[in-house]
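K.L.:
Structure provided below as C-alpha cells; questions to follow.
The values are calculated or read from the model by the stated rules, or taken from the named source; none is laboratory data. Please read these numbers as outputs of a predicted model, since none were measured by experiment. Here Cβ is always computed from backbone atoms with ideal geometry, including for glycine, and neighbour counts include all displayed protein chains. The area values use the complete protein model at the heavy-atom level, side chains included, leaving out ligands, DNA and RNA. Shrake-Rupley method; radii C 1.70, N 1.55, O 1.52, S 1.80 Å.
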Amino acid sequence: MRKVFTLIVVSAIALSFSVAGAEGMLNGAGASFPYPVYSAWAYAYNKATGVKLNYQSIGSGGGIRQITSRTVDFGASDAPLPPEQLNKDNLLQFPAVMGGVVLVVNIPEVKAGVLKLDSEAVCKVYLGDIKYWDDKKIKELNPQMHLPHNEISVVHRSDGSGTTAIFTNYLSGACADWKTRVGAGTSVKWPVGIGGKGNEGVANYVKRAQYSIGYVEFAYAEQNKLAYTLLKNPAGRFIAPSFDTFEDAAATGDFNPKNHFNLWLVNAPGKNAWPIAGATFILLAKEKKDSNIRTVKFYDWAFKNGDNKAKELIYVPLPKSLKEKIRAYWKANGIH
Amino acid sequence: MPILQKKNPVDFSFSLITALASFTVVLLIGGILAVLVRESSLSIQKFGIIKFLVSTDWNPVTESFGAATTVYGTFVTTVIALVIAIPAALGIAIFITEISPNFLKGPIGIAIELLAAIPSIIYGMWGLFTLAPIMAKYVEPALQKSIGKLPVAGMLFQGTPMGIDLLTASVILSIMIIPFTASISRDAFNLTPAVVKESAYAIGATKWEVVKNVVIPYSKLGVFGGIALSLGRALGETMAVAFVLGNKHEIATSLLDAAATITVTLANEFTEADTDMYLSSLFYLALVLFVLSFIVLAIAKFFLLKAERKYSR
C-alpha cells in the first residue's frame, strides 16, 4: 500500500513539474534575421514574467517546416506565406518586427547619402545592362555629380536569405525586365556580380573593392560605415534610409489582416517611405489555442515594451497603426 | 579464427562489443544513404539521374536544378588543393624525418598537428578577411602578368582578380589538408628501418639519394594512404571554402572565377530553401556527393591494394 502511495505522489509531482515546464516555456524556430531581437526580448520577458522563450534560428525554410509539422509553438519566416498555403496547413501569420535593406557603394569620389538611384537604375546595374558608373542613366539622376568612368562591380549574397528575397521582390515589383529575366526568391540566378556569404560577406566585399555596389541589412551598413545611396520611391522622392522612412513604409504599406498580412513591404506608396523594407513574420498553428495565447502574450508584451530594445539593435519596430491591426487580428482569431 | 569465441565469457562479450561497434558504422552509412534517397526522391523523379548530372542550370526561382556546375567545382578545387598540398606535405615530412636536427623535430611536428586542430570556420573567416584581399591585390595580378601571358596556361588566369574564386578556395583547402598528408607521411617515413638507411649511407649515397631510393619507395603505401585521406577531406570540406568561393553556379574556365562546390551550395542554401523541390534537389546534391566520395575513395583504395601487392612481391 505504501508503495502505491509513493508511486502516486511521485507521479503527481512529476506531472505537475512537466505541466509547469510547459506553462513556463515557449518554443520557437525559424528565421535567423530577427534572432538577436527575439532573444533580447525573451531575456527581458523572462525577467518580467518568468516565462522562458527558446528560439532556434534555423532559417526561414526550417521554421516553416517545423510549424507545419507542429514540433514548435511558433515558427518564424522572413517571407510571408500566401493565404492559400496558410489555409492548407491551418496556420496563422502576423508580422513581428521589420528591417530595411539598403544599397551601399564604394566610390572614392562619392560620400554617404549623396548618390541618387532609382529602381530602374538599380535593376539595370544588377542585370548587367549598366556597366559603368558614368552611365547616362546614373548621370541623369545625379546631374551635379562628377562620376568616374569605372566598371561597376556588383556584389550580391551567395547564400539563400530573406534579405535577398526582399531585394529581389523590390526589383521584380519595380522593373518588368527583372521579373521576366530573373524573378524573386531567397536565392536567384544572378546575371552578373560576385557573391558574398551573409550580410557580413557583402559588407566586407563592398568595403574592400572600389567601385562596387551591394545590398545589406541596414544594421550592417551602419556598423561598417558604408556609403548608402538615396533611392527614389514610388511617390517620386529621393529618400535616405532611416528608422523614420522605414516606419513610413510600414505605415503606408497595405498590410491586410484578411490575407494574413501577406505583403512584401517594397515600393510602399508613402511620401517618405523607403522602398526596400520587409517585415519578418510569426507563424502559429491554428488549432493549438493554448500555446498561441502564450505566444501572442509574448509578442503583445514586446510590442508594448520592446521598441527601444529593437532600435538599439537596429531593427525597426512596427508602427502603432499596424500593431493595432495585429491585435485586432489576434482577437478575431480568439487568441488575445 | 571464429568471429565470436564462445569459450571465455569475457572474451565473448568483448568480441560482441567490438562487433556491435563496427556494425553500427555500417548501419549508420546505410541509414544516411536511405534518408538521402528518400528526401531526394521528388527531385530524382523530376530530373532523373543523367539529366541532373549534366545540367548546368541551378535556378531556384524556376525550380530547374542540375549538379554539373557543383560537381565540376568540387573536383577542380580538390585537384588544385592536392597539387599544392602534396609536394609541400612531402617536403615537410622529409625534413622532419631525415634532415631536421633533433631539437626541431618536436616543435615542427606539434605545429603541424595544431594546424589540423584549427576549426574550419576559422580558416573560412581568415580566408575572407585576410587571404582574399592578399590574393586579389598581389598574388593574382602577379600570376596574370607572368603565367597569364602564356598561350594555353594563360586561359586559367583570365578576368578581374577579386580574391573570391577557385584559386583562393583551393589554397585554403590545401592548407587544411597539408597536416593530414604530412603527419601520415612522416609516420610512414619513420617506419623505414634504420639499418636499410644506414647501409645506403655506408655505400656512399647522399641524403637526396637515400630519400629518393630508399625512404620513399619503402613508405609509398603510407604516403598514398595519407593522400587518400586528405582527398576525402578536401571533397567534403565546407566552411573553409564557403566564404571565398562565391557560390556561383557556372562552369568557370578561369581559376579567377567564382564557382560552387556541392558542400558550399548545401551550406549556403539549405537553411533558406523554401520550396519542396528546392530542398529535395539539395538532398539530391548531397546524395551525389555521397556516391562520388564513395567512388573516389574506392579508386584510391584500389590503387593502394595494387601498390601493396606489387610491393610485397
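K.L.:
What tally of residues in the stretch B:95-110 results from selecting those that are open to solvent by 30 Å² or more (accessible area, probe 1.4 Å) and part of a helix (DSSP H, G or I)?
P.N.:
10
K.L.:
Which of the residues spanning the stretch B:235-247 are in contact (Cβ under 8 Å) with a residue 40 or more places away in the chain and either open to solvent by less than 20 Å² (accessible area, probe 1.4 Å) or among the charged types (D, E, K, R) (or both)?
P.N.:
B:235, B:237, B:240, B:241, B:242, B:243, B:244, B:245, B:246
K.L.:
Do the conditions hold for residue B:84, that is, is it touching a Lys or Arg at 6+ places or on another chain (Cβ under 9 Å), touching a residue at least 12 places away in the same chain (Cβ under 8 Å) and on the phi < 0 side of the Ramachandran plot?
P.N.:
no
K.L.:
State whether the residues of the stretch B:6-16 include one that is touching a helix residue (DSSP H, G or I) at 6+ places or on another chain (Cβ under 8 Å) and at pLDDT 90 or above.
P.N.:
No, that holds for no residue.
K.L.:
Right, another one. Which residue is farthest from the chain's Cα centre (by Cα), if the candidates are limited to the stretch B:268-283 and must be open to solvent by 10 Å² or more (accessible area, probe 1.4 Å) and modelled with pLDDT of 90 or more?
P.N.:
Out of the qualifying residues, it is B:277.
K.L.:
What's the number of the only condition in (1) in contact with a helix residue (DSSP H, G or I) (Cβ under 6 Å, 6 or more places away or on another chain); (2) modelled with pLDDT of 95 or more that residue B:60 fails to meet?
P.N.:
(2)
K.L.:
Need pairs with beta-carbon distance below 6 Å; first residue at the interface with chain A (Cβ under 8 Å from one of its Cβ atoms) and within the stretch B:252-278, second charged (D, E, K, R); sequence gap 6+ or separate chains.
P.N.:
From the stretch B:252-278, the pairs are B:258/B:165; B:258/B:248; B:268/A:159.
K.L.:
Quick check on my filter: what residues within the stretch A:29-56 are within 18 Å of residue A:219 (Cα to Cα) and of a type in the set (Gly, Ala, Ser)?
P.N.:
A:31, A:32, A:39, A:40 - these are the residues of the stretch A:29-56 that are within 18 Å of residue A:219 (Cα to Cα) and of a type in the set (Gly, Ala, Ser).
K.L.:
Something else about it: Of the residues B:297, B:191, B:292, only one is within 30 Å of residue A:65 (Cα to Cα) and more than 14 Å from chain A (Cβ to nearest Cβ); which?
P.N.:
Among B:297, B:191, B:292, only B:292 is within 30 Å of residue A:65 (Cα to Cα) and more than 14 Å from chain A (Cβ to nearest Cβ).
K.L.:
Another question, then. Please go through (1) within 14 Å of chain A (Cβ to nearest Cβ); (2) not in a helix (DSSP H, G or I) for residue B:39 and return the number of the only condition it doesn't satisfy.
P.N.:
(2)
K.L.:
Turning to a different aspect of this structure: Of the residues A:139, A:179, A:207, which single one is of a type in the set (D, E, K, R), more than 11 Å from every other protein chain (Cβ to nearest Cβ) and either at negative phi or open to solvent by 10 Å² or more (accessible area, probe 1.4 Å) (or both)?
P.N.:
Answer to the selection: A:139.
K.L.:
Restricting to the stretch B:158-177, count the residues that are buried (at least 24 other Cβ atoms within 10 Å of the Cβ) and either free of Cβ contacts under 8 Å to residues at least 24 places away in the same chain or β-branched (Val, Ile, Thr) (or both).
P.N.:
Residues meeting the conditions: 4.
K.L.:
Hey, another quick one. Has the stretch B:214-234 got any residue that is part of a helix (DSSP H, G or I), open to solvent by less than 10 Å² (accessible area, probe 1.4 Å), in contact with a helix residue (DSSP H, G or I) (Cβ under 8 Å, 6 or more places away or on another chain) and farther than 22 Å from residue B:81 by Cβ?
P.N.:
yes
K.L.:
Among the residues of the stretch B:36-49, count how many are over 27 Å from residue A:181 (Cα atoms) and of a type outside the set (Lys, Arg).
P.N.:
Total meeting the criteria: 6.
K.L.:
Within the stretch A:48-83, which residues are assigned to a loop (DSSP other than H, G, I, E, B), within 14 Å of chain B (Cβ to nearest Cβ) and closer than 19 Å to residue A:299 by Cβ?
P.N.:
Within the stretch A:48-83, A:57, A:78, A:79, A:80, A:81 meet the criteria.
K.L.:
Which of the residues that make up the stretch A:26-72 are among the basic types (Lys, Arg) and either open to solvent by less than 60 Å² (accessible area, probe 1.4 Å) or touching a strand residue (DSSP E or B) at 6+ places or on another chain (Cβ under 9 Å) (or both)?
P.N.:
Within the stretch A:26-72, A:52, A:65, A:70 meet the criteria.
K.L.:
Return the residue satisfying two criteria in turn: it lies in the stretch A:104-123 and is in contact (Cβ under 8 Å) with a residue 40 or more places away in the chain, not in a strand (DSSP E or B) and not hydrophobic (A, V, I, L, M, F, W, C), and of such residues it is nearest to the other protein chains (Cβ to nearest Cβ).
P.N.:
Checking each candidate, the answer is A:108.
K.L.:
Something else: Looking only at the stretch B:42-79, filter to residues that are in a loop (DSSP other than H, G, I, E, B) and open to solvent by 20 Å² or more (accessible area, probe 1.4 Å); which one of those is farthest from the other protein chains (Cβ to nearest Cβ)?
P.N.:
Here the answer is B:49.
K.L.:
Conditions: (1) in contact with a Leu (Cβ under 8 Å, 6 or more places away or on another chain); (2) closer than 25 Å to residue B:302 by Cα; (3) surrounded by fewer than 21 Cβ atoms within 10 Å (Cβ to Cβ). Residue B:188 meets all but one. Number of the miss?
P.N.:
(3)
K.L.:
Now for a separate question. Can you say whether residue A:217 is of a type in the set (Asp, Glu), buried (at least 23 other Cβ atoms within 10 Å of the Cβ) and either in contact (Cβ under 8 Å) with a residue 12 or more places away in the chain or on the phi < 0 side of the Ramachandran plot (or both), as far as the supplied structure shows?
P.N.:
Judged against the criteria, residue A:217 is a match.
K.L.:
How many residues are under 19 Å from residue B:66 (Cβ atoms) and not small (Gly, Ala, Ser) if we restrict to the stretch B:236-269?
P.N.:
Qualifying residue count, the stretch B:236-269: 16.
K.L.:
If you don't mind, there's one more thing I want to ask. Mind listing whichever residues of the stretch A:187-204 are open to solvent by less than 10 Å² (accessible area, probe 1.4 Å) and within 7 Å of chain B (Cβ to nearest Cβ)?
P.N.:
Listed by number, the residues that qualify are A:195, A:201.
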